[in-house]
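Chemist: Got a structure here, written out as structure tokens. Questions coming.
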């Protein structure tokens, strides 16, 4: 049975993974493949995995089971699996044993080898597996097939040196490696030429950008340079480690007109005892003082965060301090999750593992309170005029346009068709937990 030369890339996890998937798609299209209209119709299916939490791994296993059954009916189809999950010790062997129909297994460090590995898998008649234990030099010559729109991801660094005790990322992504500023700026200039208006600078810890480069490279300096790119409308970045968020960076953000007033600042916990066990490198007082400095420099800025419930040894008093910090900071949004044991991390072997029912109770209380705060902050925007970067029509109501505020709030509003990428002033008339509603205020680009 002949299988068409089409592909599908299925991505799990963070924005870094999303961008890696865009690179995979770019390499496949450079080889002559075209994107399939649906994954089940593709000749090549690549699964880009995440291992930050056990739930992500379970989803991958479930998907592989379905894909292997699909391959039984379409034996010419090729299945590949890549990404962070594969870098874990023993994972490649486990996948080979459980899913022998998988043709190709590769990790995060040899993504650029996809064309050669795919050719080998097509000829081998057996599973081809190649996992590099360490990353090589940053590659700047890889094609990218970006998601259409007005916003684009731009990697500025890879890997992480922080080694938080709960986190698997440094083990599967490697040590920090920064791209040269000129390579980053050239990529952004090309994106502007292609019609993109907003870029999000990506790194596991963008604030430590440049520490591995010669000279005086820094994230603050990079932001200032990106701010001067002609034709660009907005700059975002993630993720920021609080420990490395310097006063210079705060001042630079305040002085750069294109940098949006939305900062993702993961706190993880509000208890000094838990933060120390996590090896986060700051305490509660430092974090709250940093929030105050940011808000003095950026009035009206929206802060989002990551918060974990049920870290080993976390007591009810520790959790109460996290809830108190949430009350004090009043985050616009929070990505909340239950602690998952990650084999190979120090926290996996810590005493005092919190029972699952206690974790669930705490996360439910945390989510309920954070939702109340997020809704209240959204409602405070009613009556204000917000600058919206138009992304297109609403997916659920073609009579509405959709876009985001500078503080990253999704906004819907009626009006005549406006080209995607246009900046439009919108008066906010309503608010829900997930989005704002408004009407055109007149003017704009």
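FYI, it's all coordinate maths here, none of it is from the lab. This one's a predicted model, so the numbers in the text were calculated from it and none came from an experiment. Cβ sites come from the backbone with ideal geometry, for glycine too, and all protein chains shown count toward neighbours.
Chemist: Can you order the peptides 171-180, 140-149 by their average number of other Cβ atoms within 10 Å per residue, highest first?
Modeler: 171-180, 140-149
Chemist: Using alpha-carbon pairs under 8 Å, 6+ residues apart, how would you state the relative contact order of the chain in percent?
Modeler: Answer for the chain is 10 percent.
Chemist: Also: Over the alpha-carbon set of the stretch 385-440, work out the extent along each principal axis and list the three values in angstrom, largest first.
Modeler: The Cα atoms of the stretch 385-440 stretch 24, 21, 16 Å along the principal axes, largest first.
Chemist: Distance from a point 7 Å along Cα→Cβ of residue 432 to each backbone N in the stretch 370-388: keep the residues under 15 Å and list them by number.
Modeler: 375-376, 378-379
Chemist: If I take R0 = 60 Å and measure r between the Cβ atoms of residue 356 and residue 31 in this structure, what FRET efficiency does the formula 1/(1 + (r/R0)^6) give, to the nearest 0.05?
Modeler: With R0 = 60 Å, the Cβ-Cβ based efficiency is 0.85.
Chemist: Bin width 10 Å, origin at 0, all Cα-Cα pairs of the stretch 149-260: what percent of pairs per bin?
Modeler: Binned Cα distances yield the sequence 14, 47, 30, 8, 0.
Chemist: Order by neighbour count: 153, 132, fewest other Cβ atoms within 10 Å first, most last.
Modeler: Going from sparsest to densest Cβ surroundings: 132, 153.
Chemist: Out of the DSSP beta bridges found with both residues in the chain, what percent are antiparallel (nearest 5)?
Modeler: Of the beta bridges lying entirely in the chain, close to 35 percent run antiparallel.
Chemist: Another one. Cut-off is 10 Å between beta-carbons; in what order do 357, 183 appear when sorted fewest neighbours first?
Modeler: Starting with the residue having the fewest Cβ neighbours, the order is 357, 183.
Chemist: If I histogram all Cα-Cα distances within the stretch 1-155 using bins 5 Å wide from 0, what percent of pairs lands in each bin?
Modeler: 2, 9, 20, 24, 23, 15, 6, 2, 0
Chemist: Residues in the stretch 335-367, backbone N under 11 Å from the label point at residue 94 (7 Å along the Cα-to-beta-carbon vector): list them, ranges by number please.
Modeler: 342-344
Chemist: Among 407, 165, 49, what is the fewest-to-most ranking by other Cβ atoms within 10 Å?
Modeler: Lowest count first: 165, 407, 49.
Chemist: While we're on this one: Distance from the Cα centre of the stretch 30-67 to that of the stretch 131-189, in angstrom?
Modeler: Between the Cα centres of the stretch 30-67 and the stretch 131-189 lies a distance of 21 Å.
Chemist: Still on this structure, please answer the following. Using alpha carbons only, what's the Rg to Rh ratio of the chain with Rh from Kirkwood?
Modeler: My calculation puts Rg/Rh at 0.96.
Chemist: Starting from the Cα-Cα distance between residue 185 and residue 112, subtract it from 0.36 nm times their residue separation and give me the gain in nm to one decimal.
Modeler: 24.1 nm
Chemist: Taking a virtual spin label 7 Å from the Cα of residue 161 along the C-beta vector, which residues in the stretch 280-302 bring their backbone nitrogen under 17 Å of it?
Modeler: 280-282, by backbone N distance to the label point.
Chemist: Please list 413-420, 397-404 highest first by mean number of surrounding beta-carbon atoms within 10 Å per residue.
Modeler: Highest mean packing first, the order is 397-404, 413-420.
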